[in-house]
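As structure tokens, the structure follows; a few thoughts come after it.
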Amino acid sequence: FDDGPSIHNTSWILQVLKQYNAKATFFCLGKNSVEYPHLMNDMIAAGHLIGNHGMQHLNGLKTNTSTYVNDVETAAKHTSSKLFRPPYGKLKIKQFNQLKKAGYKTVFWSFLTYDFDPKIPVEKLILQAKKKIVAGDIIVLHDSEKAMENLRSLLPVLLRYFTEKGFQFKVIPEELRV
């Protein structure tokens with residue numbers, strides 16, 4: 001889950017994940033982590049992994065390298081994580097290399113749900129996910145106001161469908177964190 005924690009969404013997400021014995025990695029924004037430390041504690045207490053999504057959700061392609069790296073390092077003070085997912089999945093090679101040199105492990109995804117796009121009917125999102133998700137995929141969902149309308153329908157359906165197919169939902173594996 002990217003973009004959280006969110007005062008209106010995170011607790012609901014945690015409840016749904018618990019129903020399916022599912023674990024997740026939450027790539028949190030530093031600014032939200034500062035605002036909602038109790039939600040960060042709830043995620044950790046429930047056995048989820050915290051990752052860094054930057055302090056301000058900067059687009060790396062539109063941000064100079066020193067500002068971008070500083071944003072990630074500032075967020076790390078509040079997310080306590082060297083596991084990083086770039087907002088929008090966009091960063092310059094120089095930013096990537098500087099973060100790597102500083103010990104960050106950048107994690108992208110293999111399936112983007114587009115839960116944040118209100119123009120796409122949730123039925124289409126569900127159909128695409130059922131068709132394309134395979135074992136081992138890193139699936140991106142969003143813990144944000146923008147995504148919540150789609151997520152409230154999408155998340156329970158996907159968890160039920162894939163759990164019934166024998167899938168397990170886990171945090172980013174250790175071998176991808178080093």
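Points to keep in mind about this one:
- Accessible area expressed per residue, the chain, with surrounding protein chains retained (probe 1.4 Å, Å²): 52 Å²
- Figure note: S6, S110 ranked by solvent-accessible area, largest first, 1.4 Å probe, ligands and nucleic acids not counted: S110, S6.
- Computed on segment 73-178, the Cα convex hull volume stands at 123 Å³ per residue.
- Percentage relative contact order, segment 9-85, counting C-alpha pairs under 8 Å, at least six apart: 35 percent
- Using a probe radius of 1.4 angstrom, the carbon and sulfur fraction of the accessible surface of the chain is 53%.
- Spin-label pair K77/K119, simplified geometry with 7 Å Cα→Cβ offset, distance in nm: 3.9 nm
- Set of segment 93-119 residues, backbone N closer than 16 Å to the point 7 Å along the Cα-Cβ line of V134: 109-112
- Charge-dipole axis of segment 9-78 as Lys and Arg at +1 and Asp and Glu at -1 on Cβ define it, positive-most pick from T65, L14, N52: L14
- Separation of alpha-carbon centers, segment 108-130 and segment 65-83, rounded to whole Å: 28 Å
- Near I138, the amide H atoms lying under 5 Å from its own belong to S110, F111; only residues 5 or more places off or on other chains count, and H is placed 1.01 Å from N.
- For the listed residue pairs K23/K90; K90/K124; K92/K119; K119/K146, the alpha carbons are over 20 angstrom apart in K23/K90; K90/K124; K92/K119.
- Assuming charge only on the beta carbon of Lys and Arg (+1) and of Asp and Glu (-1), the dipole of the chain about its Cα centre is about 560 debye to the nearest 20.
- Normalised by residue number, the volume inside the convex hull of the Cα atoms of the chain is 108 Å³ per residue.
- Computed from label points 7 Å out along Cα-Cβ, the spacing between K101 and N41 is 3.9 nm.
- Estimated vicinal HN-Hα couplings, Hz - segment 128-140 in sequence order (Karplus 6.51, -1.76, 1.60; Gly, Pro = x): 4, 5, 4, 6, 10, 6, 10, 3, x, 5, 9, 9, 9
- Take every Cα pair under 8 Å whose residues are at least 6 apart in sequence, average their separation, divide by the length of the chain, and the relative contact order is 26 percent.
The values are calculated or read from the model by the stated rules, or taken from the named source; none is laboratory data. Remember, it's a predicted structure, so these values are computed and weren't measured experimentally. Quick reminder, even Gly has a Cβ in these numbers, built from the backbone with ideal geometry, and neighbours come from all protein chains shown. We work out accessible area using only protein heavy atoms, side chains counted, and drop any ligands, DNA or RNA first. Shrake-Rupley method; radii C 1.70, N 1.55, O 1.52, S 1.80 Å.
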